[in-house]
Amino acid sequence: MRFFPANWEAANFGGATHGVPLDIHANVMYFNAEVLGEAGLLDENGHPTLLDGVDNFMNGLAKLDEMMEFPIGFASDNGGMIWRWWYSILNMMEGDFVDGSSICPGDKCEKSLQILIDLVEKGYMPSNVDYQSAKGMFISGESAIHINGVWEVPTMVDLMRNNELGFKFGVVDMPQVGPKMATWSDSHAFAIPHSDKNPISDEKLEAVLKVMGWMSDNSLFWGTAGHIPANTEVVDSVFYKNMQPNSTYANIGDNMVVDPFLPIAGVASPTYDAFSNYIAPAVNGELSAEEAIQMMRDDLEALM
């Protein structure tokens, strides 16, 4: 298989291929290797350890909390960023966002949200922090962990290269707080527009497919933007394996979960609106998990 299965599956529905994936961009955990090492939270390979499972994650943060005011820098006022972390946790806990016309059946949506609420309540990450401030907390050394997308990898690499970061950093997949590993991911993809009135010629189609194939086969450089190449042959190459810190989180390709295939889901969707309106306030202490999920449920089920 030339592509990670979940990535290819996301490009295919209704018995047809609707796009060719170029990459995977996902949530990751940035970490200050010096601080985590001092706290005893790195293994012999310099990767975070003892952070899987809710209890271990909270215990690890408690150790870091003794060393700094806020162990985690996260954009806690940003509904989109919260969705990406929350959706990862929900899938780790083997929960469903939608079942038929029901939003958040069962109680795992509330339990997933409660984990994020607890991080603020316990003082492990500050409330109402915007995107740039959250990133700044990590860059300045104020926090030891930063939850964000892979797209900030070039920022960190450039700072390190220019001796402006001040510490050794790493990037890995998200902490596994549930029975299985799952990470919110999205993908840029190539698509060929179709028009019944002016269909593409066979000659032009062949040329376009050649370009798409070349871009896929030569997507190693695209990986320098932090994205994981969708082409598994590129990911398995010695060149990508030597690309740091990128290759340390390439396993996300096997764990990726994409937004639900629904008109109400995806970027700039009613789901993102609901996260800004209800879930973000809950994370920041203004609503309970149960209240926020029910408000979101009411809004979204009315659109189903």
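Please treat every number below as a calculation from the coordinates, not as lab data. Just so you know, these numbers come straight off a predicted model, no measurement behind them. Counting neighbours? That spans all protein chains shown, and the Cβs are built from the backbone with ideal geometry, glycine included.
So the values come out like this:
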item: Most fluctuating residue given options Glu34, Glu164, Glu206, as computed from a GNM of the chain linking Cα atoms under 10 Å; result: Glu206
item: Label-point gap, in nm, between Leu209 and Asp118 - each point 7 angstrom along Cα→Cβ; result: 5.2
item: Neighbour-limited loop hits for chymotrypsin sites (Phe, Trp or Tyr not before Pro), the range 122-203 (at most 16 other Cβ within 10 Å; DSSP other than H, G, I, E, B); result: Phe167
item: Candidates Met243, Met256, Met81, ranked by Gaussian network fluctuation over the chain, Cα under 10 Å, top entry; result: Met243
item: Global form of the range 217-291, assessed from the alpha-carbon gyration tensor, a/c cut-off 1.5; result: prolate
item: Candidates Leu262, Leu41, Leu119: whichever shows maximal mean-square fluctuation once the chain is modelled as a Gaussian network with Cα springs under 10 Å; result: Leu262
item: Hz values of 3J(HN,Hα) by residue in the range 60-67 - Karplus curve (6.51, -1.76, 1.60), Gly and Pro given as x; result: x, 5, 4, 5, 5, 5, 6, 9
item: Extended-chain gain in nm, criterion 0.36 nm per residue less alpha-carbon gap, Ala268 and Asn218; result: 14.9 nm
item: ³J(HN,Hα), Karplus 6.51/-1.76/1.60, whole Hz, each residue of the range 242-257, x for Gly, Pro; result: 8, 8, 10, x, 4, 5, 6, 10, 5, 4, 4, x, 8, 10, 5, 10
item: Potential lengthening between Ile200 and Met304 on full extension [0.36 nm per residue; Cα-Cα distance subtracted]; result: 33.9 nm
item: Longest to shortest principal axis, alpha-carbon extents of the range 156-294, angstrom; result: 59, 49, 33
item: Anisotropy class of the range 105-147 from Cα gyration tensor, a/c 1.5 cut; result: prolate
item: In the range 250-286, chymotrypsin sites (Phe, Trp or Tyr not before Pro) in a DSSP loop with at most 15 other beta-carbon atoms within 10 Å; result: Phe261
item: Those trypsin sites (Lys or Arg not before Pro) in the range 185-233 that DSSP places in a loop and that have at most 13 other beta carbons within 10 Å; result: Lys197
item: Cα shape, the chain, gyration tensor, a/c 1.5 rule; result: oblate
item: Percentage relative contact order, the range 40-120, counting C-alpha pairs under 8 Å, at least six apart; result: 15
item: Cα-Cα separations in the range 35-100 greater than 15 Å, expressed as whole percent; result: 65
item: Extension gain from Asp52 to Asp107, taking 0.36 nm per residue of separation minus the Cα-Cα distance; result: 17.7 nm
item: For the range 209-222, Karplus couplings with θ = phi - 60° (6.51, -1.76, 1.60), whole Hz, Gly/Pro x; result: 5, 5, 5, 4, x, 5, 4, 5, 5, 10, 8, 4, 5, 4
item: Partners for Lys63 among lysines (Cα-Cα distance below 29 Å; same-chain residues under 8 apart left out); result: Lys108, Lys111, Lys122, Lys135, Lys168, Lys180
